[in-house]
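Below is one structure, written out as structure tokens; the observations come after it.
The values are calculated or read from the model by the stated rules, or taken from the named source; none is laboratory data. Every value quoted in this text rests on a predicted model; they were computed, and no experiment measured them. With ideal geometry, Cβ positions are generated from the backbone for all residues, glycine too; neighbour counts draw on all protein chains shown. Note: accessible area is taken over every heavy atom of the protein model, side chains too, but ligands, DNA and RNA are not part of it. Shrake-Rupley method; radii C 1.70, N 1.55, O 1.52, S 1.80 Å.
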Amino acid sequence: QVQLVESGGGLVQPGGSLRLSCAASGIIFSIYHLGWYRQAPGKQRELVAQITRRGSTNYADFVKGRFTMSRDNAEKTVYLQMNSLKPEDTAVYYCRGTYSNVDYWGKGTLVTVSS
């Protein structure tokens, strides 16, 4: 059974940091392209960052310079280091794994940025 399980969300003050993790099971992790997405209340889900199976990364403009995505193929885990958090970063953050025509999503972890 394939699972992507996000963790690391929580409440943080503006300017603070969080590190999200997404642990995978049931897949050959190293061949998957991975992405972090987020969905704020009342808004559509949007791409935050992506990492290819070779480790190349791509970021949405609104997180460039603040967020860093990385992967550990041995641990079958992908990370999102989030620094300088803003209230507008508040959302549920989802992990996604894709390979060929296969597409898996986690259930998300809530990040709340508030003072």
Only Lys, Arg, Asp and Glu count, each charged at its Cβ (+1, +1, -1, -1), so figure out the dipole size of the chain about its Cα centre, rounded to 20 debye.
100 debye
Ranked from the most accessible area to the least, with a 1.4 Å probe and all protein chains present, what is the order of ARG45, ARG54?
ARG54, ARG45
Rounded to 0.05, the calculated FRET efficiency for the beta carbons of SER17 and THR52 at R₀ = 25 Å is 0.50
Would you rank PHE62, PHE67 by solvent-accessible area, highest first, keeping every protein chain in place and using a 1.4 Å probe?
PHE62, PHE67
When the chain is modelled as a GNM with alpha-carbon springs shorter than 10 Å, which of ALA24, ALA60, ALA74 fluctuates the most?
ALA74
For GLY108, list long-range residues whose amide hydrogen, built 1.01 Å from N in the peptide plane, is under 5 Å from its own amide hydrogen.
GLU6, CYS95
If I build a Gaussian network model for the chain, linking alpha-carbon pairs within less than 10 angstrom, which residue out of SER21, SER70, SER84 has the largest mean-square fluctuation?
SER84
Percent relative contact order for the chain, counting Cα pairs under 8 Å at least six residues apart, stands at 37 percent
Could you rank TRP36, TRP105 by how accessible they are, 1.4 Å probe, largest area first?
TRP105, TRP36
If one builds a Gaussian network model of the chain from Cα atoms under 10 Å apart, the most fluctuating residue listed among LYS43, LYS64, LYS86 is LYS43
